1. Test residue 230 against the stated conditions and say whether it is at pLDDT 85 or above, surrounded by 24 or more Cβ atoms within 10 Å (Cβ to Cβ), under 21 Å from the mean Cα position of the chain (by Cα) and in the same structural domain as residue 150 (by TED's automatic domain parsing).
2. Please verify whether region 453-463 includes one or more residues that are touching a helix residue (DSSP H, G or I) at 6+ places or on another chain (Cβ under 7 Å), modelled with pLDDT of 80 or more and not in a helix (DSSP H, G or I).
3. Got a sec? Which of 501, 489, 522 is within 21 Å of residue 552 (Cβ to Cβ) and surrounded by 24 or more Cβ atoms within 10 Å (Cβ to Cβ)?
4. Report whether or not residue 158 is within 29 Å of the chain's Cα centre (by Cα) and assigned to a helix (DSSP H, G or I).
5. May I ask you to list the residues in region 546-558 that are in contact with a helix residue (DSSP H, G or I) (Cβ under 8 Å, 6 or more places away or on another chain) and surrounded by fewer than 21 Cβ atoms within 10 Å (Cβ to Cβ)?
6. Please work out which one of (1) at pLDDT 90 or above; (2) buried (at least 20 other Cβ atoms within 10 Å of the Cβ) is the condition residue 350 fails and give its number.
7. Go through (1) assigned to a helix (DSSP H, G or I); (2) surrounded by 18 or more Cβ atoms within 10 Å (Cβ to Cβ); (3) at pLDDT below 85 one by one and return the number of the condition residue 105 breaks.
8. Read through the list (1) in a loop (DSSP other than H, G, I, E, B); (2) over 13 Å from residue 321 (Cα atoms); (3) without any contact (Cβ under 8 Å) to a residue 24 or more places away in the chain, then give the number of the only condition that residue 128 fails.
């Protein structure tokens, strides 16, 4: 008896192909349009609202050009601007050389324990910016443990500088680590064969390849410092800066027009730094060719000993600061009763937000990490792997890079001016957890998207071509092929967004309500109320939560990565 083979009819195949084509169009075009709307609402319109509020001459608004001219010509503004520039330049001048030496030690020497030192150097990323200031109060304040080291006290210029140095150090370090990880061993071999000394090789090879990264790190540290008010509000004392003035104008004095004008001023250095950095990147070109060989540093006892001493000193300073913060959160009554207690962790008995703030931060961090990673990675895929709608792709790329040039304080002000308008139908979201999540995703969007883009660009375009030739829907290929291959980068984005959401305060300070107060904001409120011990306890809780979730995610993802990345392993016999 003959066996009948049932093959899909041509009409059925045509219908399947048509359904796949419709699904791809919805996935690609619909996804891009949805992302464009979200970026417009979350990034573009809030920034335009700042300029509208600052330059509007209507009553109750910014006061127009007359008010702007009065502000920038006033003696008080010149004093604030001078203080901000002095602090920011000093911090950048201290942080960048220290971060360069630290990064050089990790990438170009053979010091032991590199993983430990790198982990310790990233501690400031996992705590709000107020934590270094709180620790400095316990170390060098009027009743500090080491108060004799300062002739006066920690409150003022040097307190802000030291706190910002600790806060911004890991940000500069990550840029310089990436730059120093790229090295072509052939260049150093050629320099050695020509009799060049290590110092000469550094000047002619290493420095030209990394000076653009040095400038980028300098600009980043400068921008982070001039727009941060967390450290100044704790240890600034009478030394006022622009970021703190903008915070007080909006939160304390309800002068929204003045806050908008100062926000626009704070936007200028970030835009200038971003523009110059982009120009230098185009001129810099590629630092390594496809034939480059991995550079392995030669043993040198003197060099490694010197760099190990530098690394140990920096890590000891960081451990002293963060260890002091943890210890002070456990002390019953500083400095008269140094017995250990958990009284400061009884947040419900003190003002500031209590355990509700901590639960809200966990909720926001989880939503930001999960929702943000899906949106950002999918958006990066649509921009990188689909070449239709070129104009739409260009608009999405431009909007995606805007948050990199916008400080969190300025973005938060924009959300106040846009979403708090009574005539705006989106006003219902003001003060809600939804708006906090959207603002946090928008704030950290650019860095996460660059991570996703870097991973996606490593994939050959033939993956998508094969899917199209097999008539497989693109969204199915995205879920079954692209996501598993790029899972390490996706998990990095999840970790980055979670930690950033737990520690953010600059943008969220203007957007919370009594029901959606966050842990980092609670730290600020407790410090303002004089409950420094409670502020230290909440900061410590944020630090341990960020570190614990990062370690837990790294541990839990090992098995998942082994399964999804099995294709990277060499087959037996090869």
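The values are calculated or read from the model by the stated rules, or taken from the named source; none is laboratory data. The shown structure was predicted, so the numbers you read here are calculated from the model rather than taken from an experiment. Every residue, glycine as well, gets a Cβ built from its backbone with ideal geometry; the counts of neighbours run over all protein chains shown.
1. yes
2. No, region 453-463 contains no residue that is touching a helix residue (DSSP H, G or I) at 6+ places or on another chain (Cβ under 7 Å), modelled with pLDDT of 80 or more and not in a helix (DSSP H, G or I).
3. Only one candidate passes the filter, namely 501.
4. Taking the combined requirement at face value, the residue satisfies it.
5. The answer is 547, 549, 550, 553, 554, 557.
6. Of (1) at pLDDT 90 or above; (2) buried (at least 20 other Cβ atoms within 10 Å of the Cβ), only one is false for residue 350: (1).
7. Result: residue 105 fails condition (3) only.
8. Failed condition: (3).
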